[in-house]
Amino acid sequence: MGSSHAVSGAAGWLAGCAVLAAAGHPVAVPVIIVGAVVAAGSALVPDCDHPSSSVAHTFGPVSKWACRRIGRMCAVLHARTRTALDVRDLDGHRTLTHTVLFALVTGGLIALGGLLGGLVFAGVVMFATTGLAVRALWPRRKRGALGATLAGVLAAAALLTFAPTGGWWWLGVPVAFGCLAHIGGDMLTNTGVPALFPLMLRGRRWRRLRAPRPLRFGTGGRAEHLVRWLMLAAGGVAAGWLLQVAAQM
Ligand SMILES: [Zn+2]
């Protein structure tokens with residue numbers, strides 16, 4: 001499902017920029033482009049709680065080790081905070097990193113990092129998110145980890161060469177947006193996600209929320225492919241329109 005998440009982040013960001021432009025608040029072209037890449041990569045981040053996810057395979061053994069550790073920590077947190085009605089969770093997948101709280105805190109931390117760290121911090125974010133997005137879009141390539149790392153280095157180098165040094169707090173917005181897009185996407189699956197943790201819902205702190213049954217689909221099926229293509233088309237239309245607006249300015 002990694003590629004669908006990446007597409008949802010980028011297409012959602014482009015659509016959001018198009019809505020803002022239509023409302024009379026055009027977004028600067030660098031913010032549109034960098035934001036779309038960062039949102040695409042960030043839309044993979046919530047799956048950093050699973051050792052077999054796209055995130056785990058992006059930067060070789062380093063990301064695999066990190067994802068395994070995060071999954072274990074999430075499992076411990078879940079075990080210590082669940083109520084008697086919450087279903088037991090042994091691997092920590094789809095717990096803390098699949099909550100609105102996680103998306104907002106991560107976005108907030110990235111915004112703070114961008115404010116204090118400037119362009120260098122933005123380069124690190126660009127490296128990581130480009131790598132994640134590239135790996136998700138070409139998951140079957142044998143040397144995917146190497147390609148993702150190289151793509152990340154190139155994107156970060158381009159940013160460090162051409163972009164201004166300050167004013168990078170806004171990177172927190174596409175990061176939070178990407179995480180929320182992932183959570184929304186997982187809510188369309190049958191498993192659902194505990195999006196509103198730690199709010200208590202019907203006696204459960206980790207109650208999994210799902211879209212209404214007619215809107216749900218299994219991962220990797222025809223419905224997911226169709227949704228991905230629809231999102232790609234919507235993102236393409238939004239990008240084309242944004243380019244037109246930028247050309248007229
Ligand atoms: Zn997920």
Mind jotting down the distance between the C-alpha centroids of the stretch 197-249 and the stretch 1-36, whole Å?
13 Å
Cα-derived Rg over Rh, computed across the chain with Rh taken as Kirkwood radius:
0.97
Phi angles of the stretch 205-210, converted by Karplus (6.51 cos²θ - 1.76 cosθ + 1.60, θ = phi - 60°) into ³J(HN,Hα) in whole Hz with x for Gly and Pro, give 8, 10, 5, 7, 9, 9
What nm distance separates the two modelled labels at Met73 and Val124, each placed 7 Å from Cα along Cα→Cβ?
1.5 nm
Please list the helices of the chain that count as membrane-span-like by this rule: a mean Kyte-Doolittle hydropathy of at least 1.6 together with Cα atoms stretching 20 Å or more along the helix axis, each helix being a complete DSSP H run.
100-137, 144-162
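Only helical DSSP H runs with n ≥ 4 go in: add -39500 (n - 2.57) per run for the chain, normalise by residue count and round the 222 nm mean residue ellipticity to 500 deg cm²/dmol. Mind dumping the intermediate values first?
Working: 8 runs with 162 residues, N = 249.
Helix-only estimate at 222 nm: -22500 deg cm²/dmol.
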When the charge dipole of the chain is computed with +1 at the Cβ of Lys and Arg and -1 at the Cβ of Asp and Glu, the Cα pointing farthest to the positive end, of Leu90, Ser52, His225, is that of Leu90
Extension gain from Leu109 to Val62, taking 0.36 nm per residue of separation minus the Cα-Cα distance:
14.7 nm
Would you mind putting 129-137, 62-70 in packing order, based on average other-beta-carbon counts within 10 Å, highest first?
129-137, 62-70
So how do Val31, Val193, Val120 line up by other beta-carbon neighbours within 10 Å, fewest first?
Val120, Val31, Val193
Have a look at Gly236, Ala181, Ser63 and report the one farthest towards the positive end of the charge dipole of the chain, computed about the Cα centre with Cβ charges (Lys/Arg +1, Asp/Glu -1).
Ser63
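Starting from the Cα gyration tensor of the stretch 65-136, multiply each eigenvalue by 5, take the square root, and state the resulting semi-axes largest first in whole Å.
Its equivalent ellipsoid spans semi-axes of 29, 15, 10 Å.
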Charge dipole magnitude, Cβ of K and R +1, D and E -1 - the stretch 137-227, Cα centre, debye nearest 20:
600 debye
Determine, for each peptide in 35-41, 157-163, 217-223, the mean count of other beta carbons within 10 angstrom over its residues, then list the peptides with the highest first.
35-41, 157-163, 217-223
Per-residue counts of other Cβ atoms within 10 Å, averaged by peptide: what ranking do you get for 165-177, 226-238, highest first?
165-177, 226-238
Computed for the chain: size of charge dipole around the Cα centre, +1 on C-beta of each Lys and Arg, -1 on C-beta of each Asp and Glu, debye to nearest 20, value 960 debye
Could you tell me which of Thr130, Pro214, Gly147 has its Cα farthest along the dipole of the chain towards the positive end, charges placed at Cβ (Lys, Arg +1; Asp, Glu -1), taken about the Cα centre?
Pro214
Total charge dipole magnitude, the stretch 34-172, about the Cα centre, Cβ charges on Lys, Arg, Asp, Glu only, Debye to nearest 20
500 debye
Once fully extended, how much extra length lies between Leu243 and Asp91, figured as 0.36 nm per residue of separation less the alpha-carbon to alpha-carbon distance?
50.3 nm
Measuring from label point to label point, each 7 Å out along Cα→Cβ, what is the Ala233 to Leu150 span in nm?
3.5 nm
Under 5 Å, built H, 5+ apart or other chain: amide partners of Leu209
Val193, Ala195
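Each reported figure results from applying straightforward, stated rules to the coordinates on display, with no laboratory input. As the structure is a prediction and not an experimental result, all values here were calculated from the model. Neighbour counts are summed over all protein chains in view; Cβ atoms, including those assigned to glycine, are modelled from backbone coordinates with ideal geometry.
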